[in-house]
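K.L.:
Before I ask anything, let me first share the structure, which is written out below as structure tokens.
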Amino acid sequence: MKEVILISLAVFLIGLVMTMSGRGGGNFYVPLLVIAGLGMHQAATMGQFILMIAALTGMLMFNKNKLVDWKLALVIDPPTDIMAFVGGYFSGYLSGIHLKIILAVFLVLAGFSMLIKIKDRPIQKEKRLGYWHRNFAGEEYVVNLWYTIPVTALAGLVAGAVGISCGSFKIPLMVLLCGVPMRIAVGTSSAMIAATAIMGFIGHTMRGHFEPQFAFR
């Protein structure tokens, strides 16, 4: 009972901090759940379950403040969500140790991407195929769809398999490759995290990785 209370408290605190920063926190939930005794597949599924709830709450908060670029999310996120389902469903073909290695590598890459210095980028006025000009919340930016969609799809595949949201990857991607202002990237990420988590969770659940008795303790 004491262990359950400590885990619940840790999840609450992590969710609070991560939601405010537009990230899911799966990179913390999954290791925490593994330490608590869950197998990697079950921990990944539970991580997605927690992410669904936390991200939906964050999405409502950011949307209220008009910081969710819904058009951007609806264009670049569907491939991520589809691949998250694929990753969750086919994760059963990988062992727990393989998933742990993939998670570790992904987190290192995400960490390095967060350290890249953000530079002001000039807005290209000419229209080019695959470059989407956006005006939202008083900001102007250009989304490079050639990079963004394949990279987010790959991130979704990994995220769905290992039970994270890839918010730590999506935010730098939007800021560095698309020039999206940080406040909008954070808000938009909250909406995308929720969708990615839902699809990853469905994929895992269809393979029997969800343990409701642990989730609702």
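K.L.:
Answer yes or no as to whether residue 45 is closer than 25 Å to residue 180 by Cβ and assigned to a helix (DSSP H, G or I).
P.N.:
In short, no.
K.L.:
Here's a follow-up. Filter segment 188-210 down to residues that are surrounded by fewer than 24 Cβ atoms within 10 Å (Cβ to Cβ) and over 18 Å from residue 50 (Cβ atoms), then give me how many there are.
P.N.:
The qualifying residues number 3.
K.L.:
Out of (1) part of a helix (DSSP H, G or I); (2) under 22 Å from residue 86 (Cα atoms); (3) under 17 Å from the mean Cα position of the chain (by Cα); (4) not hydrophobic (A, V, I, L, M, F, W, C), what's the single condition that is false for residue 183?
P.N.:
It fails just one condition, (2).
K.L.:
Condition test on residue 62, is it among the aromatic types (Phe, Trp, Tyr), surrounded by fewer than 24 Cβ atoms within 10 Å (Cβ to Cβ) and over 27 Å from residue 210 (Cα atoms)?
P.N.:
When the stated conditions are applied, residue 62 passes them.
K.L.:
Identify the residue in segment 80-136 that is modelled with pLDDT of 85 or more and β-branched (Val, Ile, Thr) and, among all such residues, is surrounded by the most Cβ atoms within 10 Å (Cβ to Cβ).
P.N.:
Going through the qualifying residues, I end up with 80.
Quick grid of which residues meet (1) touching a residue at least 12 places away in the same chain (Cβ under 8 Å); (2) of a type outside the set (A, V, I, L, M, F, W, C); (3) part of a strand (DSSP E or B); (4) under 15 Å from residue 71 (Cα atoms):
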{"position": "134", "(1), (2), (3), (4)": "yes, yes, yes, yes"}
{"position": "142", "(1), (2), (3), (4)": "yes, no, yes, yes"}
{"position": "147", "(1), (2), (3), (4)": "yes, yes, no, no"}
{"position": "172", "(1), (2), (3), (4)": "yes, yes, no, no"}
{"position": "176", "(1), (2), (3), (4)": "yes, no, no, no"}
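The values are calculated or read from the model by the stated rules, or taken from the named source; none is laboratory data. Here the structure is a predicted model, which means the values were calculated and not measured. With ideal geometry, Cβ positions are generated from the backbone for all residues, glycine too; neighbour counts draw on all protein chains shown.
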